[in-house]
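Trainee: The structure under discussion is supplied below as structure tokens; questions concerning it will follow.
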Ligand code: MN
Ligand code: MN
């Protein structure tokens, strides 16, 4: 809950401005042959330069991968002509978060799939005001995407934001659901429709590259203890990339430690999410503050 006179409000606005600026600069760099790792380092560097901090590792998810891919420290992958890239950037200023995502086809024009996700986001934002229910937004998102002949991804949602927290409890579905929560003035939400030509569901891959500190646990490996202490101190409850702790251990020990940490429940592992039928997925996302008259889009 935030009101316009608050310092918190100003920080949400600043985070949004940084996020939108970094997004613009990043999109210009998405070209065939460019390394995903170089783009990730660029994005996170620009966030810091502009006075913010990454609220989560930049997600650079390609084609059928919907979310949770962030380059590893040893990533050699490059963008190829025709790749459908989802760039998802999170910025925080003193814990106040902006969450923005755009989709782009490498070396190509905007596709219908991207247009469907963008249009769904625009219509969702247009209807936001106090009292509107999250399931009403989901219905409009679903209807818009289906109008293009695609499906929304039913098991990915938008979410409330609060200080140092990416998931403030309430979610915003991308499909029509039976129950919903009414939006209240001062609430902050990330709205993020995903559109696909596939089944409309994502499934977990086995691999995780993004993690989040959960709790202190007894650990066998000294590298596990080191990584956990470092993550707790530097990232708190916000997600971190394997890349961000890669300096703490050699590659093989790092992977062993992250496995032990996830297995023991010390950290949460965000599995890479891909579309069930391996169909391409487009995503569009903005962060909004619900106001008396409607909403303020911090990332627009
Ligand atoms: Mn996002
Ligand atoms: Mn989000």
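Read-outs throughout are calculated quantities, based only on the coordinates presented, and are distinct from any laboratory measurement. Only a predicted model underlies this, so the values are computations on that prediction, with no experimental measurement involved. So basically every Cβ, Gly included, is an ideal-geometry build from the backbone, and we count neighbours across all protein chains shown.
Trainee: Which of 221, 37, 27 ends up with the largest GNM mean-square fluctuation for the chain, with Cα atoms connected below 10 Å?
Mentor: So, out of 221, 37, 27, the one fluctuating most is 221.
Trainee: Which angle between 0 and 90 degrees, to the nearest 10, do you get for helix 36-49 versus the longest principal axis of the chain when only C-alpha atoms count?
Mentor: Rounded to the nearest ten degrees, it is 80.
Trainee: Follow-up. Using a Gaussian network model on the chain with a 10 Å cutoff between Cα atoms, which of 76, 196, 171 fluctuates the most?
Mentor: 76
Trainee: Put a dot 7 Å past each Cα toward the Cβ at residue 34 and residue 127; how far apart are the dots in nm?
Mentor: Reported label-point gap for residue 127 and residue 34 is 3.5 nm.
Trainee: In the Gaussian network model of the chain, springs joining C-alpha atoms below 10 Å, which of 52, 138, 180 carries the largest mean-square fluctuation?
Mentor: Evaluated over the chain, the most mobile residue of the options is 180.
Trainee: Over what distance in Å are the Cα centres of region 61-104 and region 242-300 separated?
Mentor: One Cα centre to the other: 9 Å.
Trainee: Relative contact order (percent) for the chain, with alpha-carbon contacts under 8 angstrom and 6 or more residues of separation?
Mentor: On the way: 750 pairs, mean separation 70.7, N = 300.
It rounds to 24 percent for the chain.
Trainee: According to the Cα gyration tensor, what semi-axes, each the square root of 5 times an eigenvalue, does the equivalent ellipsoid of region 178-300 have, listed from largest to smallest in whole Å?
Mentor: On the way: eigenvalues 227, 88, 33 Å².
Those come to 34, 21, 13 Å.
Trainee: Just subtract the alpha-carbon distance of residue 81 and residue 264 from 0.36 nm times their residue separation and send over the number in nm, one decimal.
Mentor: Details: separation 183, 0.36 × 183 = 65.88 nm, distance 4.10 nm.
Additional length available on full extension: 61.8 nm.
Trainee: On a 0 to 90° scale, report how tilted helix 7-27 is relative to the longest principal axis of the chain, with both axes built from alpha carbons and the result rounded to the nearest 10.
Mentor: Helix 7-27 sits at roughly 80 degrees to that axis.
Trainee: For region 64-106, compute Rh as the Kirkwood radius over C-alpha pairs and then the Stokes-Einstein diffusion coefficient at 37 °C and 0.692 mPa s; write the answer in µm²/s, rounded to an integer.
Mentor: On the way: Rh = 12.3 Å.
Answer, rounded: 267 µm²/s.
Trainee: Would you mind checking the tilt of helix 251-264 against the longest principal axis of the Cα atoms of the chain, expressed as 0 to 90 degrees and rounded to 10?
Mentor: Long axis of 251-264 versus the principal axis of the chain: about 60 degrees.
Trainee: If you don't mind, there's one more thing I want to ask. Measuring from centroid to centroid over Cα atoms, what is the spacing of region 206-230 and region 1-52 in Å?
Mentor: 27 Å
Trainee: For the chain, what is the mean residue ellipticity at 222 nm derived from helices alone (per DSSP H run of n ≥ 4: -39500 (n - 2.57); sum divided by total residues; nearest 500 deg cm²/dmol)? Before the final figure, lay out each step's value.
Mentor: Values: 7 runs with 97 residues, N = 300.
That comes out to -10500 deg cm²/dmol.
Trainee: Hey, could you grab the Kirkwood Rh for region 109-160? Inverse mean 1/r over distinct alpha carbon pairs, Å, one decimal. Mind showing how you got there, number by number?
Mentor: Values: mean 1/r = 0.0873 Å⁻¹.
After inverting the mean inverse Cα-Cα distance, the result is 11.5 Å.
Trainee: Another question about this same structure. So what are the chain's ellipsoid semi-axes, whole angstrom, largest first, if each one is the square root of 5 times an eigenvalue of the alpha-carbon gyration tensor? Write down the numbers at each step before the final one.
Mentor: Values: eigenvalues 169, 107, 70 Å².
For the chain, the semi-axes come out at 29, 23, 19 Å.
Trainee: On to the next question. For region 209-273, taking Cα atoms only, what is the radius of gyration to one decimal and the Dmax to the nearest whole Å?
Mentor: Taking only Cα atoms of region 209-273, I get Rg and Dmax of 10.2, 30 Å.
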